[in-house]
1. Looking only at the range 198-253, how many residues end up being closer than 27 Å to SER290 by Cβ, of a type in the set (S, T, N, Q) and not in a strand (DSSP E or B)?
2. Out of SER175, SER131, SER165, SER145, report the one residue that is on the phi < 0 side of the Ramachandran plot, surrounded by fewer than 23 Cβ atoms within 10 Å (Cβ to Cβ), free of Cβ contacts under 8 Å to residues at least 40 places away in the same chain and among the polar types (S, T, N, Q).
3. Among the residues in the range 180-198, are any over 17 Å from the mean Cα position of the chain (by Cα) and under 30 Å from ASP285 (Cα atoms)?
4. Does VAL271 satisfy the condition of being out of contact with any Asp or Glu (no Cβ under 8 Å at 6 or more places or on another chain), within 20 Å of LEU353 (Cα to Cα) and of a type in the set (A, V, I, L, M, F, W, C)?
5. Out of (1) within 17 Å of the chain's Cα centre (by Cα); (2) over 28 Å from LEU342 (Cα atoms); (3) buried (at least 24 other Cβ atoms within 10 Å of the Cβ), the odd one out for LYS96 is which?
6. In the range 39-49, which residue that is farther than 17 Å from ILE89 by Cα and within 15 Å of the chain's Cα centre (by Cα) is surrounded by the fewest Cβ atoms within 10 Å (Cβ to Cβ)?
7. Of the conditions (1) in contact with an Asp or Glu (Cβ under 6 Å, 6 or more places away or on another chain); (2) assigned to a loop (DSSP other than H, G, I, E, B), GLY288 clears all except one; give me its number.
8. Would you be able to say whether some residue in the range 290-312 is of a type in the set (Val, Ile, Thr) and modelled with pLDDT of 95 or more?
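The values are calculated or read from the model by the stated rules, or taken from the named source; none is laboratory data. Only a predicted model underlies this, so the values are computations on that prediction, with no experimental measurement involved. Backbone-built Cβ (ideal geometry, glycine too); neighbour counts: all protein chains shown.
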Amino acid sequence: MRVSVKEMRRVGLVGLGILGMAAGGDLQAQDQSLLYVAVQGDAQVAIVDMAELEEVARIDLQTLGFTANAKPHHVAVEADGSHWYLSLIGENRVLKFDRENRLVAQAEFEVPGMLAVHPSRDLLLVGRSMSAVSPPQRIGAITRSTMEVEEVDVFFPRPHAIAVSPDGQRVYTASLAVNQMGAVDLETLDLTLTDLEGPVHTLVQFAVSPDGSTLVGTAQLTGRLLIFDLTDPEHPALRDQVEVGRQPWHPVFGADGRTVYFGVKLDNRVVAVDVTTGEVVWSTDHPGLSAPHGAAVSPDGRFLFVSSNGPGGMAMDPEHEMHEGEEHGAMHPAETGTITVLDTSDGTVVKVLEMGTNTTGVGAASR
């Protein structure tokens, strides 16, 4: 029997949270590819099977002792899926869960935002929330095994974007307030600053290509994808700027290592850009996209998962039955955030899943 999210809420999320934690051995087998979705407005995390394209578990943070204002924002997952991490803006906490969705540790960190797991060291890198007006001018380096926090000075206001190079040598971050970005050597903690010309871009988030040759950043205020060459990894060199629309958000590289995907928040679109040519490969709008936010690619590279904040977005009605001649994925209004699943080859929307109020960051294990 297929149960909708609305029906699950009626029967009680406490029970669902327990199911997600207790039944993890079967529910979240090691070969299962899972997407973790922060439902910020509902203080919940939804877990989606990336192969079956279905929600399989939900965690209600209030049943774990956190408040309704916990504001879960972003998720990072260890490469083997053994643990995953969640930033709570409203609680000034970063949480650590195991594969069975049991809360195993937490760390205090003022207004945490974006998260990134180091590819080889026992580190989790943490930026500050965009909602924080004047947070410390430092990023976090949390030892994952102990959840001990070390803060690293970056000397510019509102550090938000966070991405780690594939070789693990550096973490890249940037200011929301001024045109500065930094490369931190994770061995020495030395910082190299780079100034950007032009109007204030407000770099939302970074992504590094799998081969480590290219860094991309989404610019909220100028509506551009900034493409940097990393031949000298300490000094990212701006190679191209691609006009993509109003408020591009979290980027992710595809399986080919040259196509980057992201939502464009105010245009309710998802865009794919070839970072080698600087060309827009495809651009998709759809009723399921309402203020798109986070992005993740399935391990086989076939599907792109994009979260949308809502309300004002559109969602699949689980009670809606298709009629002869009706297209798959028929949509109609619902005041909820969503996960929209797209085919990476051409941007075709495959499915839309209803999530809840203000669906924000997503995370999946890199494989």
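1. 4
2. SER145
3. yes
4. yes
5. The failed condition is (3).
6. ILE47
7. GLY288 satisfies every listed condition except (1).
8. yes
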